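First up is the structure itself, then whatever we jot down about it.
The values are calculated or read from the model by the stated rules, or taken from the named source; none is laboratory data. Because the structure is a prediction, the values reported are computed rather than measured. Counting neighbours? That spans all protein chains shown, and the Cβs are built from the backbone with ideal geometry, glycine included.
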Amino acid sequence: MTERAAHSLLTSSPLPTARGAAIPPGMNRLQPPITFQRAVARWLLVCALMVALMVAVGGVTRLTESGLSIVKWNLISGTLPPLSDEAWQHEFDDYKSSPQFQKVNSDFTVADFQKIFWLEYIHRLIGRAIGLATFLPLLYFAARRALPRALLLRCAAIFLLIGAQGTVGWIMVASGLVDQPRVAPVKLAAHLLLAFSVFALMLWTRWQVLGIERSNLGACVATDSHSPRLPLLTRTALAFLTLQIFFGALVAGLRAGKTYNTWPLMDGRLVPTGLHTLDPWWLNHLENITTVQFQHRMLAMLVVAVIVVTIVMGWRHKNLHQLLRVILISILLQFTLGVATLLSVVNIALASAHQLVALFLVAVLLRLVYATPLPPNPQRK
Ligand code: HEM
């Protein structure tokens with residue numbers, strides 16, 4: 001491992017490269033001209049942080065049962081909240097048509113309604129802000145010809161994914177406005193996973209924009225008889241983590257964390273009864289509270305195990321130590337927060353922290369994947 005590669009793995013600053021007319025080694029096709037690199041990277045970072053904020057506010061919105069308070073989706077006119085008593089009454093009347101009001105909150109007054117309105121309103125407002133924060137600088141950088149074609153396409157794709165996320169969000173909310181006062185868990189999971197994916201894509205693009213070298217570990221581990229599988233292992237760990245996040249969102253969507261509030265046993269048993277009560281069998285993995293919680297608990301242990309093995313395998317590469325330490329602490333914290341969330345019967349602060357550490361884990365594990373590229377495929381030469 002060269003000093004250059006070690007530097008680029010552990011810091012986010014680009015290496016001081018000698019740039020001549022020819023593209024210097026290590027330069028990738030997503031890198032903008034040097035004068036724009038930092039500005040574009042900062043833009044992507046701000047957008048990623050806004051997505052993280054959006055995830056946090058979305059989590060609290062769900063946990064406080066505020067997410068079904070606004071029963072319409074008006075992209076432009078919904079930007080302003082109700083500004084008069086009459087407008088509040090009108091908004092409240094709309095809410096009265098929802099199953100949440102009719103089945104759960106039928107004793108609500110306008111003042112009660114306002115309490116659940118604001119979080120959902122802020123959540124949607126941040127969504128609009130993310131759309132603008134992505135689109136306007138994209139236009140500016142494109143007009144200044146600061147984005148090479150590949151980067152322009154990538155940023156346009158990110159913008160489209162944000163639009164798709166708004167649509168999935170509305171489809172999710174709409175599923176809670178029909179007869180039952182709760183959204184479809186699979187739609188909640190899709191909404192969460194898409195948010196995590198946009199966040200991940202923004203970070204990955206930022207690293208490429210900064211020209212942070214993907215280390216030569218890929219080539220290095222291929223000849224290293226002790227850890228030839230590290231790049232595959234890091235990708236496997238990320239795949240398991242993604243599945244675990246999907247399962248976690250199902251637990252959240254089904255409110256499955258409000259039952260079986262003991263650990264490690266469920267109802268006094270390691271393997272609970274009632275895992276296969278739904279037909280067809282696969283429905284149990286998506287909608288059976290017992291199965292969904294059980295699989296989230298079990299996969300948690302597998303995720304920890306795969307990540308620990310990855311860390312052990314990667315430890316021989318000194319330049320990875322700092323990153324591996326952060327990953328180890330994060331996964332142990334995440335596991336502990338999961339158990340604490342369960343034992344506290346979904347305390348809002350703990351559940352929120354559990355969600356945010358999952359997002360952080362995605363960031364650091366993705367960075368490890370970035371740092372351990374697969375060795376070049378000789379067949380492609
Ligand atoms: C080790 C890796 C783990 C990861 C990556 C993970 C990830 C997640 C995610 C992304 C959610 C959805 C959060 C949301 O949408 O608000 C979630 C929910 C949940 N997780 Fe985990 N989890 C892990 C371990 C655990 C463990 C070990 C437990 C308990 C034994 C646990 C219990 C829960 C509970 C109860 C919820 C539902 C919380 C709610 O209703 O808001 N998790 N998890």
*Counted residues, segment 225-237 - those being part of a loop (DSSP other than H, G, I, E, B) and modelled with pLDDT of 60 or more*: 2
*From (1) in contact with a helix residue (DSSP H, G or I) (Cβ under 9 Å, 6 or more places away or on another chain); (2) surrounded by 12 or more Cβ atoms within 10 Å (Cβ to Cβ); (3) over 26 Å from Ala56 (Cα atoms), pick out the condition that doesn't hold for Asp94.*
(1)
*asked:* For segment 120-148, which positions are outside any helix (DSSP H, G or I) and hydrophobic (A, V, I, L, M, F, W, C)?
replied: Ala146, Leu147
_Hits in segment 233-260 (condition: within 10 Å of the ligand (Cβ to nearest atom) and either aliphatic (A, V, I, L, M) or in contact with a Ser or Thr (Cβ under 7 Å, 6 or more places away or on another chain) (or both))_ = Leu241, Leu243, Ile245, Ala249, Leu250, Val251, Ala252, Leu254, Ala256, Gly257
*What are the residue pairs meeting all of these: first residue in segment 55-68, first residue at positive phi, second residue part of a helix (DSSP H, G or I), Cβ atoms under 9 Å, and 6 or more apart or on different chains?*
Glu65/Gln100; Glu65/Ile116
*Would you pick out the residues in segment 316-349 that are of a type in the set (Gly, Ala, Ser) and in contact with a helix residue (DSSP H, G or I) (Cβ under 8 Å, 6 or more places away or on another chain)?*
Ser330, Gly338, Ala340, Ser344
*Check off (1) surrounded by 19 or more Cβ atoms within 10 Å (Cβ to Cβ); (2) of a type outside the set (A, V, I, L, M); (3) farther than 25 Å from Val346 by Cα for Phe294 and give me the number that stays unchecked.*
(3)
*Pick from segment 262-309, criterion over 28 Å from the mean Cα position of the chain (by Cα) and of a type in the set (Ser, Thr, Tyr), ranking: nearest to Leu337 (Cα to Cα)*: Thr273
*When segment 241-294 is examined, which residues are found to be in contact with a Gly (Cβ under 7 Å, 6 or more places away or on another chain) and of a type in the set (Ser, Thr, Tyr)?*
Thr290
*Of all residues in segment 196-217, count the ones that are more than 14 Å from Arg29 (Cα to Cα), modelled with pLDDT under 95 and in contact with a Leu (Cβ under 8 Å, 6 or more places away or on another chain).*
2
*Six or more apart or on different chains, Cβ under 8 Å: which pairs go from a residue in segment 349-371 that's in contact (Cβ under 8 Å) with a residue 12 or more places away in the chain to one that's outside any helix (DSSP H, G or I) and more than 8 Å from the ligand (Cβ to nearest atom)? Could you list them?*
Leu350/Ser344; Tyr370/Ile212; Tyr370/Arg214; Ala371/Arg214; Ala371/Ser215
*Go through Leu151, Leu192 for me and flag whichever is within 16 Å of the ligand (Cβ to nearest atom), within 24 Å of Val46 (Cα to Cα), part of a helix (DSSP H, G or I) and at pLDDT 95 or above.*
Leu192
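Condition check ((1) out of contact with any strand residue (DSSP E or B) (no Cβ under 8 Å at 6 or more places or on another chain); (2) over 19 Å from Leu63 (Cβ atoms); (3) β-branched (Val, Ile, Thr)) across all residues:
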residue	(1), (2), (3)
Phe108	yes, no, no
Phe113	yes, no, no
Glu120	yes, no, no
Arg124	yes, no, no
Ile130	yes, yes, yes
Leu139	yes, yes, no
Ala146	yes, yes, no
Leu151	yes, yes, no
